[in-house]
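The values are calculated or read from the model by the stated rules, or taken from the named source; none is laboratory data. In this text, all values refer to a predicted model and were calculated from it rather than measured experimentally. Cβ placement follows ideal geometry from the backbone for every residue including glycine, while neighbour counts extend to all protein chains displayed.
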Amino acid sequence: MQKIFIDGVAPGAIIAEDVYGMDGVLLVKRGTMFREQYITRFREAGIQEIFIEPDGSLSPETVKKIHRSLNIQDVIHEKTRIHAQAQIKKTMMRFRSVSNGDIYKIGKIVENMIEQLLEQRDFVFALSQLRSVDDYTYQHSVNVGVLSMVIGIELGFKKSELKNLGMGAMLHDIGKIMVPESILKKPSKLTLEEFMEAKKHAQYGYDILSQTDMPEEAALIALYHHEKYNGTGYLEGLKGTEIPIFARIAAVADVYDAMSNDRVYQKKSSPDKVFREITHLGDLHFDAQVMEAFAKHISIYPTGTGVILNSGHRGIVLHQNKLYPESPKIRVFTPQHGNLKRMYFDVDLSLNTKWYIVDTFT
Ligand SMILES: [Fe+2]
């Protein structure tokens, strides 16, 4: 149960407590559905706030159904994404080596992705919502590749540079094939020794890629993607522009995607929290210019995100407002009704100032 200013109550909300006027007359019984016309009636009776029932009607299954019905567009075609994941899986399953055939195939996939990205200049990157923990590594690899290329496009890179950036970013963690699984999948905190071993994946990755046709500037992403702008990263503790630009880009993409997902040892954060945290880390860990390019294409509330409003209502983000990223257009679901097809209305939060997002849900 939530107490809310009457201006902020959405039509369709269920009133949780009897509402009495100043003179003690019962105006509306609890359990009644709130209607627009009540606002004037309540205001005349001197009522500022009422209690409404929290909306518990959106189960994760329902949210998935809504996602499907919204037909949310990914920046990369689903077929290409699946193909890329399968290719990376194949590459990483090979025993401690990567063939030139693998590098060639990944190069072709990356070229295809670049064409798709260049077709839609004004996009906002949304992470795939439905992911499995099992395939985390491959999905993560593809996302880091795509997001790095998104940043690269914003920074004005040529196609040939984008290709090297995409390939290197997609294989940034290839060195993990040399690190024991018991360390990679350990659910608790690593011991110092284990951590030292895990860190080596950066060097291993570079060594593996250097023995293939992978261009040097792409292989360096594997080596330097854990360096931080202020010099507190590993392996070498490089600072600022000592870190190659491709690695500075992949570092932002890597941290962003990792934080946005469930991992073996950590639950994911909501998109708005990730965005805030990562921009907060901006000056210390990342290159400001890279961060700026990244922020232009990342939405705080990506399309499809479940949001909770100050009115207690739940909704799904439909469209971004480029000028007001914190106020997207959303579809609000009216509570306690099974028939979702009819029981919703759309609202543009940039035009409706009484409602704002207070939290997200999945
Ligand atoms: Fe890594």
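Being more than 28 Å from SER299 (Cβ to Cβ), modelled with pLDDT under 85 and not aliphatic (A, V, I, L, M): is that true of GLN37 here?
For GLN37, the condition - more than 28 Å from SER299 (Cβ to Cβ), modelled with pLDDT under 85 and not aliphatic (A, V, I, L, M) - is met.
Between GLU161, GLU154, GLU194, GLU181, which is farther than 19 Å from HIS140 by Cα, within 16 Å of the ligand (Cβ to nearest atom) and out of contact with any Leu (no Cβ under 9 Å at 6 or more places or on another chain)?
Details: GLU161 fails: within 16 Å of the ligand (Cβ to nearest atom); GLU154 fails: within 16 Å of the ligand (Cβ to nearest atom); GLU181 fails: farther than 19 Å from HIS140 by Cα.
From the options GLU161, GLU154, GLU194, GLU181, the qualifying one is GLU194.
Please determine, by comparing only the residues of the range 151-160 that are surrounded by fewer than 24 Cβ atoms within 10 Å (Cβ to Cβ) and touching a residue at least 40 places away in the same chain (Cβ under 8 Å), which one is farthest from GLU292 (Cα to Cα).
Of all residues in the range 151-160, those surrounded by fewer than 24 Cβ atoms within 10 Å (Cβ to Cβ) come to 153-160.
Keeping just the survivors that are touching a residue at least 40 places away in the same chain (Cβ under 8 Å) gives 154-155, 159.
Details: GLU154: 9, LEU155: 10, LYS159: 21 Å.
Among those that are surrounded by fewer than 24 Cβ atoms within 10 Å (Cβ to Cβ) and touching a residue at least 40 places away in the same chain (Cβ under 8 Å), it is LYS159.
Of all residues being farther than 21 Å from GLY152 by Cα and not in a helix (DSSP H, G or I) in the range 200-230, which is farthest from the ligand (Cβ to nearest atom)? Just the residue, please.
Going through the qualifying residues, I end up with ASP213.
For the range 209-227, what are the residues that are within 17 Å of GLY101 (Cα to Cα) and buried (at least 22 other Cβ atoms within 10 Å of the Cβ)?
Within the range 209-227, LEU209, MET214, ALA218, ALA219 qualify.
Kindly indicate whether LYS163 is under 25 Å from the mean Cα position of the chain (by Cα) and either buried (at least 17 other Cβ atoms within 10 Å of the Cβ) or touching a residue at least 24 places away in the same chain (Cβ under 8 Å) (or both).
Spelling it out, LYS163 is indeed under 25 Å from the mean Cα position of the chain (by Cα) and either buried (at least 17 other Cβ atoms within 10 Å of the Cβ) or touching a residue at least 24 places away in the same chain (Cβ under 8 Å) (or both).
Enumerate the strands (runs of 3 or more DSSP E) found wholly within the range 267-362, keeping only those where 1 or more residues are under 19 Å from the mean Cα position of the chain (by Cα), at pLDDT below 80 and under 23 Å from ASN143 (Cα atoms).
Hits in the range 267-362: 357-361.
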